[in-house]
1. Check whether at least one residue in region 55-68 is of a type outside the set (K, R), over 21 Å from C110 (Cα atoms) and touching a residue at least 40 places away in the same chain (Cβ under 8 Å), and report yes or no.
2. Looking at (1) of a type in the set (D, E, K, R); (2) touching a strand residue (DSSP E or B) at 6+ places or on another chain (Cβ under 9 Å); (3) farther than 24 Å from K81 by Cα, which is the only condition E27 fails?
3. Evaluate the following for C74: is it at pLDDT below 85, more than 23 Å from I6 (Cα to Cα) and surrounded by 13 or more Cβ atoms within 10 Å (Cβ to Cβ)?
4. Name every residue in region 77-102 that is of a type in the set (A, V, I, L, M, F, W, C) and crowded, with 16+ Cβ neighbours inside 10 Å, in order of residue number.
5. Which members of region 39-59 meet the condition of being over 14 Å from the mean Cα position of the chain (by Cα) and either surrounded by 15 or more Cβ atoms within 10 Å (Cβ to Cβ) or β-branched (V, I, T) (or both)?
6. In region 39-52, is there at least one residue being hydroxyl-bearing (S, T, Y) and farther than 20 Å from I116 by Cα?
7. What are the pairs, 6+ residues apart or on separate chains, where a residue within region 73-90 that is closer than 13 Å to P50 by Cα has its Cβ under 6 Å from a residue that is at pLDDT 70 or above and part of a strand (DSSP E or B)?
Amino acid sequence: MVIDRIKYEELKNYKQLLLYQNYYFAEIDGNNIYRLEDYMNEIIKAFKFPDGMFKNINSFDSYLDWMTDLSWLCGKEGIYKNIKGFALFIYNFDKMMMSTPEIKKEIMDCFNDSIIPFLGRRSGTCSCGRKNQGI
């Protein structure tokens, strides 16, 4: 389970490999993310949160609760029955939240400290704007 920066030219092959391995992957664009609320709304769409499930979009506690669940995507009752793991692609990561780097750091800390370790038990992966941080 890693956070990694990949080159745009490698993206197609990387996504094909993940599809072959039955990973669910979500994609968001950092160009559209200026504030925490923007990020949360993009995550809600990318991970197909059920309507009304994730209401408190300004709370990292709510965010962590749902990002370490994802049961609506996989398992017996999930949308996709055979998901082996998860991947998040953040395009234009360097442009994301340029005016609020402390919130961007907190988001990445959530991945490193909580989300990746939890989903790592499900063999997930995360690809975004940090280099070679393995767990």
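The values are calculated or read from the model by the stated rules, or taken from the named source; none is laboratory data. These numbers come from a predicted model, not from an experiment. Cβ coordinates were reconstructed from backbone atoms using ideal geometry, including for glycine residues, and neighbour counts include every protein chain displayed.
1. Among the residues of region 55-68, not one is of a type outside the set (K, R), over 21 Å from C110 (Cα atoms) and touching a residue at least 40 places away in the same chain (Cβ under 8 Å), which makes the answer no.
2. Only one criterion in (1) of a type in the set (D, E, K, R); (2) touching a strand residue (DSSP E or B) at 6+ places or on another chain (Cβ under 9 Å); (3) farther than 24 Å from K81 by Cα is unmet by E27, namely (3).
3. Judged against the criteria, C74 is a match.
4. Within region 77-102, the subset of a type in the set (A, V, I, L, M, F, W, C) is 79, 83, 86-90, 93, 96-98.
Within region 77-102, I83, F86, A87, L88, F89, I90, F93, M96, M97 meet the criteria.
5. Our first condition is that a residue be over 14 Å from the mean Cα position of the chain (by Cα); within region 39-59, this holds for 50-59.
Correct list: F54, I57.
6. no
7. L73/Y24
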